[in-house]
1. Can you tell me the length gained on complete extension of the stretch Ser157 to Arg134, counting 0.36 nm per residue apart and subtracting the Cα distance?
2. Work out, step by step, the length gained on full extension between Asn101 and Glu182: first 0.36 nm times the residue separation, then minus their alpha carbon distance; give nm to one decimal.
3. Could you tally the net charge around Glu166, taking each other residue with its Cβ under 9 Å from the Cβ of Glu166, Lys/Arg +1 and Asp/Glu -1?
Amino acid sequence: MTYSKLNYVGLSAFILLAACASKPPTTNTANTGAGSRSTEAAALPPASATNQGAGQGGNQGANSGLYGNNYGAGQNAANPYAGQVLATLGDRVFFATDAYNLSEEARATLSRQAAWLNGNPNSRLLVAGNCDERGTREYNLALGARRANSVKDFLVSLGVNANRIETVSYGKERPIDDRPNESGWAINRNSHSMPIN
């Protein structure tokens, strides 16, 4: 290969890499807990402002949630921004060890979710209950179900129709932090809200 061909290949590779690089939206990360908020929330359109016929099943990679994890739920076809809106409002609430009761911070996050859901009556939600790695598989699946149902019950108490909310328990099967210590376990004890079709 000649020197000019190597330059061409190198320049082409550089341009491709530069074109693929994208900067994630700027968010306020001062509070990385369940109630973290972005300054971009007002810029996202409500479900009623989007093209109702856009897509079939949506883009699964677009809803990365608070910790960059997507549990397989597709974007809401009626509102491709639904996952981003929920992430902005807070798409996770966290729990104490072996508990499924909601903290005040969790209730505040869920109140924001309920307000958005009540304002977007065509949106539906999947609530996934998660646990840390300790305990048996069966125990954690049951605890994850109680966590998801606790979130659903609270959203329903705020006026969201129960038929619009599905629950699932992943137990300890889908951790978002693999550190085997209290910090990692605290992050894995959560309930994650995701828009579904």
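Nothing in this text is a laboratory measurement; each read-out follows from the coordinates by a stated rule. Note that the coordinates shown come from a computational prediction; the quantities given were computed from them, not determined experimentally. Glycine also receives a Cβ, built like all others from the backbone with ideal geometry; neighbour counts cover every protein chain displayed.
1. Working: separation 23, 0.36 × 23 = 8.28 nm, distance 3.13 nm.
Fully extending the segment from Ser157 to Arg134 adds 5.2 nm.
2. 27.3 nm
3. Details: positive: Arg124, Lys152, Arg164; negative: none.
Overall, the nearby charge balance is +3.
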